[in-house]
Structure formats: structure tokens, C-alpha cells
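Visitor: Before I ask anything, here is the structure I am working with.
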Amino acid sequence: MTDTKPALILHLTAGGEPLVFALPEEGVKELASRLHLLLEHGSTESVRTKEETTVSINFAHVAVAYIDDLQRKGKVFGLR
């Protein structure tokens with residue numbers, strides 16, 4: 001079994017390439033369970049990255065947010 005490399009993927013309402021933030025394993029499930037609330041309320045949230053930095057994200061400017069595994073190869077959105 002390979003190690004997973006979780007990442008927070010953000011597609012901004014302004015368009016452009018998605019923002020990708022590598023995440024540490026701990027806390028991923030908790031963040032994933034709150035993403036829908038952050039988007040719904042347009043909240044600002046501080047997220048700790050794998051590189052031990054903190055990123056403040058204003059979810060009012062995010063159209064789509066999800067957590068994905070960067071380890072997977074040849075993925076197509078919606079298919080596994």
C-alpha cells in the first residue's frame with residue numbers, strides 16, 4: 001500500500017488554475033468534514049500545510065474545494 005499525499009484543492013470564483021496545498025495526514029478528515037460549511041458561509045479559515053506554514057483562506061472567493069490524494073496517477077475527476 002502506498003502512502004497517501006492529501007492536498008486541499010481550491011478552484012477560485014475568478015477562474016484560473018486551481019490552488020493546491022499539500023496537507024499533513026493529521027486533521028485531514030476534520031477539515032474535509034467542514035469544507036461544505038466553509039463554502040456555504042464564505043468563512044475565512046487558517047489551514048496548516050504539510051510544509052508547516054499556515055495559509056488563511058477566504059472561502060467567499062472559492063467556487064469548489066475538495067481534498068484529493070496527490071499520489072494517484074492518471075486520475076479523471078469523478079472517476080477512480
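The values are calculated or read from the model by the stated rules, or taken from the named source; none is laboratory data. Computed from a predicted structure; not experimentally measured. Ideal geometry is used to build each Cβ from the backbone, glycine not excepted, and the neighbour counts take in all protein chains shown. Side chains included, ligands, DNA and RNA excluded: accessible areas come from the protein's heavy atoms. Shrake-Rupley method; radii C 1.70, N 1.55, O 1.52, S 1.80 Å.
Visitor: Leu10 versus (1) in contact with a Ser or Thr (Cβ under 9 Å, 6 or more places away or on another chain); (2) in a strand (DSSP E or B); (3) aliphatic (A, V, I, L, M): which is the lone unmet condition?
Guide: Evaluating Leu10 over (1) in contact with a Ser or Thr (Cβ under 9 Å, 6 or more places away or on another chain); (2) in a strand (DSSP E or B); (3) aliphatic (A, V, I, L, M) leaves (1) as the failure.
Visitor: Can you tell me which residues in segment 20-32 are open to solvent by less than 70 Å² (accessible area, probe 1.4 Å) and on the phi < 0 side of the Ramachandran plot?
Guide: Initially, segment 20-32 is screened for residues open to solvent by less than 70 Å² (accessible area, probe 1.4 Å), giving 21-24, 27-28, 31-32.
Answer for segment 20-32, where residues must be open to solvent by less than 70 Å² (accessible area, probe 1.4 Å) and on the phi < 0 side of the Ramachandran plot: Phe21, Ala22, Leu23, Pro24, Val28, Leu31, Ala32.
Visitor: Output the residues belonging to segment 19-63 that are within 19 Å of Asp3 (Cβ to Cβ) and of a type in the set (S, T, N, Q).
Guide: Of everything in segment 19-63, just one residue is within 19 Å of Asp3 (Cβ to Cβ) and of a type in the set (S, T, N, Q), namely Thr49.
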